[in-house]
Amino acid sequence: MTRITHHPSDALLLSHAAGRLPAGLALVVAVHMEACTRCAAYVGALEAAGGALLEETPPAAMHAQALDQALAALDAPPADAARQAPLQGPPPLPQGAAWPLALALAGSQIAPWRWIGRGMRYSRVRLAGDDAVAVFLLRLAPGKYLPQHAHSGREFTQVLCGGFHDGRAQFHAGDFDAPGRGVHHLPVVQSAGECVCLTAVQGRLQFDSVYGRLLGQLAGLA
């Protein structure tokens, strides 16, 4: 079993437990927790503590129509059927790798792999009602790299298989990365096989080179 060395910060896990993350970013954290019992247990403890605090909160008067509105919402059909749908069309992963995303990605639509360069492919992941965060899968062959870039917003990455080094640290399958806005990095695949990552980008990637910007435009990220 691969040892996970890079995890979301405690503050980030708290935000996730409190429901304060946009859906795309929350998805990447949820996928990490499917592979990481440590982070899953920590979030479970935070949710339990939050529930205990809620039980101790003094009751407050509700609007006269609150119960009727809640019951009507329960009886209404889902606002978006995609949220209730099973995982749609996951593209094949490299041989020997398996999708660890059955729970976190339920209801998502995953496009087929698209070519963006030699040994480089990507796939968009569509989440209902969350256009502000771009979620995608990136698949790179050994030795390939994503051109050096920074971020206008937050970027969360979960390594599904393989591994890369971005000049700051080595990331293997199961690891999570959330580089800050001021970080310029160049992820290079250094594993023997292909590297596949699930990434959510809030805002745009800011590539340092013309080639990077063209690549980002192909994927809709620059």
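The values are calculated or read from the model by the stated rules, or taken from the named source; none is laboratory data. Quick caveat, the model's predicted, so the values are computed rather than measured. Heads up, the Cβs are rebuilt from the backbone with ideal geometry, glycines too, and the neighbour counts pull from every protein chain shown.
Given the criteria within 22 Å of GLN202 (Cβ to Cβ) and at pLDDT 65 or above, does LEU67 qualify?
No.
Considering VAL159, VAL188, which residue is buried (at least 16 other Cβ atoms within 10 Å of the Cβ) and free of Cβ contacts under 8 Å to residues at least 40 places away in the same chain?
VAL159
Here are VAL189, VAL183, VAL135: which of them is touching a helix residue (DSSP H, G or I) at 6+ places or on another chain (Cβ under 6 Å), over 16 Å from ILE4 (Cβ atoms) and not charged (D, E, K, R)?
So the residue among VAL189, VAL183, VAL135 that is touching a helix residue (DSSP H, G or I) at 6+ places or on another chain (Cβ under 6 Å), over 16 Å from ILE4 (Cβ atoms) and not charged (D, E, K, R) is VAL135.
Cβ-Cβ distance below 6 Å, separation of 6 or more or different chains: which pairs start in region 12-27 with a residue that is free of Cβ contacts under 8 Å to residues at least 60 places away in the same chain and within 16 Å of ALA178 (Cα to Cα) and end on one that is of a type in the set (Ser, Thr, Tyr) and surrounded by 15 or more Cβ atoms within 10 Å (Cβ to Cβ)?
LEU13/TYR42; LEU21/SER15
Quick grid of which residues meet (1) within 19 Å of the chain's Cα centre (by Cα); (2) not aliphatic (A, V, I, L, M):
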| site | (1), (2) |
| --- | --- |
| VAL159 | yes, no |
| ALA173 | yes, no |
| GLY180 | yes, yes |
| PRO187 | yes, yes |
| SER191 | no, yes |
| VAL196 | yes, no |
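For region 108-128, which positions are within 13 Å of LEU215 (Cα to Cα) and of a type in the set (Lys, Arg)?
Answer for region 108-128, where residues must be within 13 Å of LEU215 (Cα to Cα) and of a type in the set (Lys, Arg): ARG114, ARG118, ARG121.
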